[in-house]
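Accompanying notes for the structure given below.
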Amino acid sequence: MGDDRRSVKETYDRIADHFSKTREYPWPEIEGFVSDVDDVGVGLDLGCGNGRHLSVLAGVADRVVGVDASRPLLDEARERTASDPDVALVQGDAASIPLAASTVDVAVYIATLHHLPERKMRRRSLDELARVLSPGGRALVSAWSTEHDRFDATEGFDTTVDWTLPGGEVVPRFYHIYSPAEFEADLDASGLAVESVRVSSGNCYAEVTVD
Amino acid sequence: MKEDLMDIICCPLDKHDLDLEVDERDDGEILSGTLVCTECGESYPIEDGIPNLLPPDMRDEAPA
(Lines give C-alpha, C1' and ligand atoms only; values in the text may rest on other atoms or scores of the structure.)
Protein backbone atom coordinates (compact mmCIF):
# COMPACT_ATOMS: atom_id res chain seq x y z
CA MET A 1 0.00 0.00 0.00
CA GLY A 2 2.56 2.52 1.14
CA ASP A 3 4.92 1.25 -1.53
CA ASP A 4 2.41 1.98 -4.30
CA ARG A 5 1.80 5.50 -3.13
CA ARG A 6 5.52 5.98 -2.78
CA SER A 7 5.97 4.96 -6.38
CA VAL A 8 3.61 7.70 -7.59
CA LYS A 9 5.51 10.17 -5.44
CA GLU A 10 8.84 8.94 -6.82
CA THR A 11 7.52 9.27 -10.37
CA TYR A 12 6.74 12.95 -9.79
CA ASP A 13 10.03 13.45 -7.96
CA ARG A 14 11.76 12.33 -11.16
CA ILE A 15 9.71 14.33 -13.66
CA ALA A 16 8.96 17.42 -11.51
CA ASP A 17 11.13 19.89 -13.38
CA HIS A 18 9.92 19.00 -16.88
CA PHE A 19 6.33 18.34 -15.75
CA SER A 20 6.18 21.76 -14.14
CA LYS A 21 7.25 23.50 -17.33
CA THR A 22 4.24 21.97 -19.09
CA ARG A 23 1.79 23.01 -16.39
CA GLU A 24 2.06 26.76 -16.50
CA TYR A 25 -1.55 27.87 -16.48
CA PRO A 26 -4.57 27.33 -14.25
CA TRP A 27 -7.44 25.33 -15.74
CA PRO A 28 -10.53 27.42 -16.59
CA GLU A 29 -12.74 24.97 -14.65
CA ILE A 30 -10.81 25.80 -11.47
CA GLU A 31 -10.88 29.55 -12.06
CA GLY A 32 -14.64 29.32 -12.64
CA PHE A 33 -15.23 27.39 -9.42
CA VAL A 34 -13.07 29.69 -7.30
CA SER A 35 -14.60 32.86 -8.77
CA ASP A 36 -17.97 31.80 -7.30
CA VAL A 37 -16.51 31.56 -3.77
CA ASP A 38 -16.92 34.47 -1.39
CA ASP A 39 -13.89 35.55 0.62
CA VAL A 40 -12.95 32.85 3.12
CA GLY A 41 -10.30 32.06 5.71
CA VAL A 42 -8.40 28.98 4.56
CA GLY A 43 -7.98 27.54 1.06
CA LEU A 44 -6.45 24.13 0.31
CA ASP A 45 -4.95 22.76 -2.89
CA LEU A 46 -4.69 19.00 -2.33
CA GLY A 47 -2.16 17.63 -4.82
CA CYS A 48 -0.98 21.15 -5.63
CA GLY A 49 1.81 19.98 -7.94
CA ASN A 50 3.80 22.98 -9.11
CA GLY A 51 1.31 25.31 -7.47
CA ARG A 52 -0.41 26.73 -10.52
CA HIS A 53 -3.75 26.98 -8.69
CA LEU A 54 -2.39 28.42 -5.43
CA SER A 55 -2.60 32.05 -6.49
CA VAL A 56 -6.10 31.46 -7.84
CA LEU A 57 -7.10 30.32 -4.34
CA ALA A 58 -5.15 33.17 -2.73
CA GLY A 59 -7.52 35.51 -4.56
CA VAL A 60 -10.40 34.42 -2.30
CA ALA A 61 -8.75 32.97 0.84
CA ASP A 62 -6.80 34.81 3.56
CA ARG A 63 -4.31 31.96 3.63
CA VAL A 64 -3.72 29.04 1.31
CA VAL A 65 -2.12 25.66 1.98
CA GLY A 66 -0.68 23.58 -0.86
CA VAL A 67 -0.22 19.88 -0.07
CA ASP A 68 1.69 17.49 -2.32
CA ALA A 69 3.55 14.20 -1.85
CA SER A 70 6.46 15.23 -4.07
CA ARG A 71 9.07 17.54 -2.60
CA PRO A 72 10.57 18.54 -5.98
CA LEU A 73 7.09 19.67 -7.08
CA LEU A 74 6.70 21.65 -3.85
CA ASP A 75 10.02 23.34 -4.61
CA GLU A 76 8.58 24.39 -7.98
CA ALA A 77 5.46 25.64 -6.17
CA ARG A 78 7.56 27.62 -3.72
CA GLU A 79 9.40 29.35 -6.55
CA ARG A 80 6.12 30.16 -8.26
CA THR A 81 4.46 31.60 -5.12
CA ALA A 82 7.55 33.25 -3.60
CA SER A 83 5.95 36.70 -3.76
CA ASP A 84 2.79 35.56 -1.96
CA PRO A 85 3.26 35.51 1.85
CA ASP A 86 -0.17 33.92 2.41
CA VAL A 87 0.76 30.62 0.73
CA ALA A 88 2.10 27.75 2.87
CA LEU A 89 3.40 24.44 1.52
CA VAL A 90 3.20 21.07 3.22
CA GLN A 91 4.52 17.70 2.05
CA GLY A 92 1.74 15.21 2.65
CA ASP A 93 -0.40 12.37 1.37
CA ALA A 94 -3.90 12.93 -0.06
CA ALA A 95 -5.12 9.79 1.71
CA SER A 96 -3.75 10.92 5.13
CA ILE A 97 -4.19 14.69 5.03
CA PRO A 98 -2.07 16.32 7.76
CA LEU A 99 -4.62 19.05 8.49
CA ALA A 100 -6.95 19.28 11.47
CA ALA A 101 -10.69 18.67 11.10
CA SER A 102 -12.95 21.49 9.84
CA THR A 103 -10.11 23.89 9.08
CA VAL A 104 -10.60 24.40 5.32
CA ASP A 105 -13.22 26.68 3.76
CA VAL A 106 -12.49 26.09 0.09
CA ALA A 107 -10.49 23.29 -1.53
CA VAL A 108 -9.47 22.09 -4.96
CA TYR A 109 -8.45 18.46 -5.45
CA ILE A 110 -7.51 18.46 -9.11
CA ALA A 111 -6.08 15.63 -11.22
CA THR A 112 -4.69 13.85 -8.16
CA LEU A 113 -7.33 11.35 -6.98
CA HIS A 114 -6.65 9.24 -10.11
CA HIS A 115 -3.05 8.67 -8.97
CA LEU A 116 -4.05 6.75 -5.84
CA PRO A 117 -3.55 3.09 -6.72
CA GLU A 118 -6.41 1.43 -4.86
CA ARG A 119 -10.11 2.22 -4.70
CA LYS A 120 -9.93 1.93 -0.92
CA MET A 121 -7.29 4.68 -0.84
CA ARG A 122 -9.22 6.88 -3.25
CA ARG A 123 -12.32 6.62 -1.09
CA ARG A 124 -10.26 7.26 2.01
CA SER A 125 -8.84 10.45 0.49
CA LEU A 126 -12.39 11.69 -0.25
CA ASP A 127 -13.30 11.00 3.39
CA GLU A 128 -10.19 12.89 4.42
CA LEU A 129 -11.26 15.85 2.29
CA ALA A 130 -14.66 15.74 4.02
CA ARG A 131 -12.95 15.68 7.41
CA VAL A 132 -10.83 18.79 6.81
CA LEU A 133 -13.62 20.87 5.20
CA SER A 134 -15.44 23.20 7.57
CA PRO A 135 -19.25 22.92 7.67
CA GLY A 136 -20.53 24.60 4.52
CA GLY A 137 -17.01 24.58 3.05
CA ARG A 138 -16.81 23.79 -0.66
CA ALA A 139 -14.45 21.78 -2.83
CA LEU A 140 -13.91 20.97 -6.49
CA VAL A 141 -12.70 17.43 -7.21
CA SER A 142 -11.50 16.26 -10.63
CA ALA A 143 -10.17 13.03 -12.11
CA TRP A 144 -9.35 11.81 -15.58
CA SER A 145 -12.36 10.19 -17.22
CA THR A 146 -13.14 7.36 -19.64
CA GLU A 147 -14.98 10.09 -21.58
CA HIS A 148 -11.64 11.49 -22.75
CA ASP A 149 -11.06 11.02 -26.48
CA ARG A 150 -7.96 8.88 -25.95
CA PHE A 151 -9.92 6.14 -24.15
CA ASP A 152 -12.43 3.66 -25.58
CA ALA A 153 -13.53 2.02 -22.33
CA THR A 154 -16.84 2.76 -20.64
CA GLU A 155 -15.88 1.16 -17.32
CA GLY A 156 -13.20 2.64 -15.08
CA PHE A 157 -9.77 0.98 -15.34
CA ASP A 158 -6.17 1.12 -14.08
CA THR A 159 -3.43 2.05 -16.52
CA THR A 160 -0.01 3.61 -16.80
CA VAL A 161 0.59 6.69 -18.89
CA ASP A 162 4.18 7.31 -19.88
CA TRP A 163 5.89 10.64 -19.30
CA THR A 164 8.80 11.21 -21.71
CA LEU A 165 11.58 13.41 -20.36
CA PRO A 166 13.49 15.72 -22.73
CA GLY A 167 16.41 13.25 -22.90
CA GLY A 168 14.05 10.51 -24.07
CA GLU A 169 13.78 8.71 -20.72
CA VAL A 170 10.29 7.32 -20.24
CA VAL A 171 8.72 7.38 -16.79
CA PRO A 172 5.45 5.47 -16.30
CA ARG A 173 2.74 7.04 -14.13
CA PHE A 174 -0.12 5.12 -12.53
CA TYR A 175 -3.65 6.30 -13.29
CA HIS A 176 -7.06 5.04 -12.44
CA ILE A 177 -9.31 6.30 -15.23
CA TYR A 178 -12.77 6.94 -13.82
CA SER A 179 -16.06 6.28 -15.55
CA PRO A 180 -18.47 9.09 -14.60
CA ALA A 181 -20.68 6.54 -12.79
CA GLU A 182 -17.79 5.22 -10.69
CA PHE A 183 -16.65 8.76 -9.89
CA GLU A 184 -20.12 9.53 -8.56
CA ALA A 185 -20.27 6.25 -6.66
CA ASP A 186 -16.98 6.95 -4.88
CA LEU A 187 -18.13 10.45 -3.95
CA ASP A 188 -21.49 9.16 -2.75
CA ALA A 189 -19.73 6.56 -0.58
CA SER A 190 -17.65 9.28 1.07
CA GLY A 191 -18.44 11.84 3.75
CA LEU A 192 -18.79 14.51 1.06
CA ALA A 193 -22.17 15.85 -0.06
CA VAL A 194 -22.23 16.17 -3.87
CA GLU A 195 -23.70 19.38 -5.24
CA SER A 196 -23.05 18.76 -8.93
CA VAL A 197 -21.09 16.45 -11.23
CA ARG A 198 -20.09 16.97 -14.84
CA VAL A 199 -17.56 15.98 -17.50
CA SER A 200 -15.41 18.70 -19.04
CA SER A 201 -12.41 18.30 -21.38
CA GLY A 202 -12.22 14.57 -20.65
CA ASN A 203 -12.21 15.01 -16.86
CA CYS A 204 -14.91 14.25 -14.30
CA TYR A 205 -15.60 17.22 -12.01
CA ALA A 206 -17.66 17.37 -8.84
CA GLU A 207 -18.53 20.30 -6.64
CA VAL A 208 -18.91 19.04 -3.09
CA THR A 209 -19.53 20.31 0.40
CA VAL A 210 -20.03 18.99 3.93
CA ASP A 211 -23.03 19.57 6.18
CA MET B 1 7.05 27.41 7.28
CA LYS B 2 5.55 30.11 9.42
CA GLU B 3 4.60 29.36 12.99
CA ASP B 4 0.91 30.14 12.40
CA LEU B 5 0.72 27.00 10.24
CA MET B 6 0.67 25.12 13.57
CA ASP B 7 -3.01 26.19 13.87
CA ILE B 8 -4.06 23.84 11.09
CA ILE B 9 -1.49 21.07 10.62
CA CYS B 10 -1.73 17.82 12.56
CA CYS B 11 -0.29 14.32 12.70
CA PRO B 12 -1.25 12.53 9.45
CA LEU B 13 -1.67 9.25 11.34
CA ASP B 14 -3.89 10.04 14.32
CA LYS B 15 -4.74 13.72 13.61
CA HIS B 16 -3.58 14.90 17.02
CA ASP B 17 -1.78 18.20 17.59
CA LEU B 18 1.93 18.57 16.94
CA ASP B 19 4.63 20.10 19.11
CA LEU B 20 7.12 22.34 17.32
CA GLU B 21 10.86 22.13 17.99
CA VAL B 22 12.73 24.81 16.06
CA ASP B 23 16.36 24.27 15.02
CA GLU B 24 16.78 27.22 12.67
CA ARG B 25 14.70 30.31 12.17
CA ASP B 26 15.10 33.18 9.73
CA ASP B 27 12.90 36.27 10.01
CA GLY B 28 9.46 34.64 10.80
CA GLU B 29 10.29 31.57 8.74
CA ILE B 30 11.13 28.24 10.39
CA LEU B 31 13.78 26.67 8.18
CA SER B 32 14.47 23.49 10.06
CA GLY B 33 13.11 21.68 13.04
CA THR B 34 10.88 18.84 14.08
CA LEU B 35 7.16 18.38 14.55
CA VAL B 36 6.30 15.77 17.17
CA CYS B 37 2.84 14.27 17.62
CA THR B 38 1.56 14.95 21.12
CA GLU B 39 -0.28 11.61 21.08
CA CYS B 40 1.72 8.94 19.22
CA GLY B 41 5.14 10.60 19.50
CA GLU B 42 5.94 10.20 15.78
CA SER B 43 8.26 12.95 14.61
CA TYR B 44 8.18 14.78 11.29
CA PRO B 45 11.04 16.87 9.94
CA ILE B 46 10.86 20.45 8.70
CA GLU B 47 13.30 20.38 5.80
CA ASP B 48 14.50 23.62 4.20
CA GLY B 49 11.34 25.42 5.31
CA ILE B 50 8.74 22.81 4.29
CA PRO B 51 7.29 20.35 6.83
CA ASN B 52 7.36 16.73 5.69
CA LEU B 53 4.10 15.34 7.04
CA LEU B 54 4.01 12.28 4.83
CA PRO B 55 3.10 9.12 6.74
CA PRO B 56 6.44 7.55 7.75
CA ASP B 57 6.00 4.63 5.29
CA MET B 58 5.97 7.11 2.38
CA ARG B 59 9.16 8.90 3.33
CA ASP B 60 12.22 8.49 1.11
CA GLU B 61 14.28 6.92 3.84
CA ALA B 62 11.63 4.29 4.69
CA PRO B 63 12.59 0.76 3.66
CA ALA B 64 10.84 -0.21 0.42
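The values are calculated or read from the model by the stated rules, or taken from the named source; none is laboratory data. What you see is a predicted model; the values in this text were computed from it and never measured. So basically every Cβ, Gly included, is an ideal-geometry build from the backbone, and we count neighbours across all protein chains shown. Side chains included, ligands, DNA and RNA excluded: accessible areas come from the protein's heavy atoms. Shrake-Rupley method; radii C 1.70, N 1.55, O 1.52, S 1.80 Å.
At-a-glance table
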{"quantity": "Among A:ALA206, A:LEU44, A:VAL141 - extreme Cα towards positive end, dipole of chain A, charges at beta-carbon", "calculated": "A:LEU44"}
{"quantity": "Bridge type composition, the protein assembly as shown - antiparallel percent by DSSP, nearest 5", "calculated": "65 percent"}
{"quantity": "Kirkwood hydrodynamic radius (C-alpha pairs) into Stokes-Einstein, the range A:135-211, 10 °C and 1.306 mPa s, D in µm²/s", "calculated": "115 µm²/s"}
{"quantity": "Square roots of five times the Cα gyration tensor eigenvalues for chain A, Å", "calculated": "24, 22, 16"}
{"quantity": "Long-range HN-HN contacts of A:CYS48 with modeled amide H, under 5 Å", "calculated": "A:VAL67, A:ASP68"}
{"quantity": "Computed [θ] at 222 nm, deg cm²/dmol, chain A (DSSP H ≥ 4; -39,500 (n - 2.57); rounded to nearest 500)", "calculated": "-9500 deg cm²/dmol"}
{"quantity": "Qualifying trypsin sites (Lys or Arg not before Pro) for the range A:114-159 [loop in DSSP, other Cβ within 10 Å: at most 12]", "calculated": "A:ARG150"}
{"quantity": "Proximal lysines relative to B:LYS2, as straight alpha-carbon distance under 26 Å, when same-chain residues fewer than 8 apart are discounted", "calculated": "A:LYS9, B:LYS15"}
{"quantity": "Total charge dipole magnitude, the protein assembly as shown, about the Cα centre, Cβ charges on Lys, Arg, Asp, Glu only, Debye to nearest 20", "calculated": "680 debye"}
{"quantity": "Formal net charge of residues neighbouring B:ASP14 (Cβ-Cβ distance under 12 Å; K, R +1; D, E -1)", "calculated": "-2"}
{"quantity": "Residue-averaged beta-carbon neighbours from other chains (10 angstrom radius) around B:43-52", "calculated": "4"}
{"quantity": "Heavy atoms of A:THR154: accessible area, 1.4 Å probe, square angstrom to 10", "calculated": "110 Å²"}
{"quantity": "Share of pairwise Cα separations in the range B:3-59, more than 19 Å, in percent", "calculated": "21 percent"}
{"quantity": "Dipole of the range B:3-59 [Lys/Arg +1, Asp/Glu -1 at C-beta], most positive-end residue of B:THR38, B:MET58, B:VAL22", "calculated": "B:MET58"}
{"quantity": "Chain B, relative contact order in percent, only Cα pairs under 8 angstrom and at least six apart counted", "calculated": "26 percent"}
{"quantity": "Antiparallel content of DSSP bridges confined to the range A:3-136, in %, to 5", "calculated": "5 percent"}
{"quantity": "Alpha carbon centroid spacing (whole Å) that separates chain B from the range A:34-109", "calculated": "17 Å"}
